[in-house]
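This report concerns only the one structure given below.
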Amino acid sequence: MASDKPTKEAVEQAFAKADKDENGKLTLSEFKACFEEVYSGKYGEGLGDNDAIINMMMSGFDADGDKMVSLDELLKVIGDKKIDEKLMFKTMIKGVDKDGNGFISAAELKPILDAMMDDDDSDDEDGPPIEFFMNMGDTNGDQKLSIQELLNIFTGEVEEKDPKEEMKSMFRLYDTDADGMISKKEILGFMKMMGMVDEDDTHADMRMIVNMFMAGSDEDGDGKLNYEEFCKLMDKPE
């Protein structure tokens, strides 16, 4: 029906067609039908029968939180050119902030990641854990994500920050158990997460890779990297 850039008229027509009871608001099933109509299957085909994905997308449009979507809410996000992904994600993130404290916990983040995963990825035990996303967006090390921090992850926006703070954020990505040290196991886990280890790499290969990573950096010889050693390895200021 429409291209990647639907017109206001196209959205209005799709809304009217999906609004079966003509109450001016779309239920979950009506929202799915409207979205599929507007994008002619471009996104709708991926929705399938996954209620979690549909619910998550709908929450990104439902600005007043009434579990339904009005035409005004739809137009605010889609507009005349393209989906306002930043606005959609912001509304969606606020929707999972159950206690309304402005921060997203790991438990609150999980439904978003589950809904955004492909079916094939959902069974992948090596997929990025919740902790990885928490550490990636946690810019101040408080072990929780503000709505803005999580929004930056999803929209790809990067805030300007001090090189020292940037290095601390990088250290936390490796230090998954938050004990202030990076073990060989954590190094290997990060490399797997980032696709730096091939499927045909043997255990010996992986051990060699990790040892090369550690070589010359583990100054106290304890088999781990502390923050100062990590900074020297990365050749960045502490």
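The values are calculated or read from the model by the stated rules, or taken from the named source; none is laboratory data. Not measured: the values here are computed from a predicted model. Cβ coordinates were reconstructed from backbone atoms using ideal geometry, including for glycine residues, and neighbour counts include every protein chain displayed. Side chains are part of the model used for accessible areas, which takes the heavy atoms of the whole protein and leaves out ligands, DNA and RNA. Shrake-Rupley method; radii C 1.70, N 1.55, O 1.52, S 1.80 Å.
With 25 Å as the limit, write out which pairs from Lys90/Lys144; Lys32/Lys192; Lys8/Lys90; Lys76/Lys144 have Cα-Cα distances beyond it, or answer none. Before the final figure, lay out each step's value.
On the way: Lys90/Lys144 17 Å; Lys32/Lys192 36 Å; Lys8/Lys90 22 Å; Lys76/Lys144 29 Å.
The pairs that break the limit, which is 25 Å between Cα atoms, are Lys32/Lys192; Lys76/Lys144.
Backbone amide hydrogens, once placed in the peptide plane, bring Ser146 within less than 5 Å of Ile104, excluding anything fewer than 5 places away on its chain. Per residue, the solvent-accessible area of segment 149-230 (1.4 Å probe, heavy atoms of protein chains only, all protein chains present) comes to 60 Å². Using 0.36 nm per residue and subtracting the Cα-Cα separation, the extra length available between Asp177 and Glu22 on full extension is 50.5 nm.
Under 11 Å from the Cβ of Gly102, count the other residues' Cβ atoms, weight Lys and Arg +1, Asp and Glu -1, and hand me the total. Walk me through the numbers before you get to the answer.
Values: positive: Lys94, Lys144; negative: Asp97, Asp99, Glu149.
Taking every other residue near Gly102 into account, the sum is -1.
Measuring nothing but protein heavy atoms, the accessible surface of segment 148-219 at 1.4 Å probe radius is 53 percent carbon and sulfur. The residues packed around Gly180, meaning those with a beta-carbon under 13 Å from its beta-carbon, carry a net charge of -4 if Lys and Arg are +1 and Asp and Glu are -1. Phi-derived couplings, Karplus 6.51 cos²θ - 1.76 cosθ + 1.60 at θ = phi - 60°, listed residue by residue for segment 196-212: 8, 10, 6, 4, 8, 5, 7, 4, 5, 4, 5, 5, 5, 4, 5, 5, 5 Hz, with x used for Gly and Pro. Of the peptides 204-211, 12-19, 227-234, the ranking by mean beta-carbon count within 10 Å, highest at the top, reads 12-19, 227-234, 204-211. Peptide packing for 182-192, 213-223, 21-31 was compared via the average number of neighbouring C-beta atoms within 10 Å per residue; ordered from the highest value, the list is 182-192, 21-31, 213-223.
What number comes out for the charge environment of Thr27, summing +1 per Lys or Arg and -1 per Asp or Glu over other residues with Cβ under 10 Å away? Spelling it out: positives minus negatives among the neighbours equals +1.
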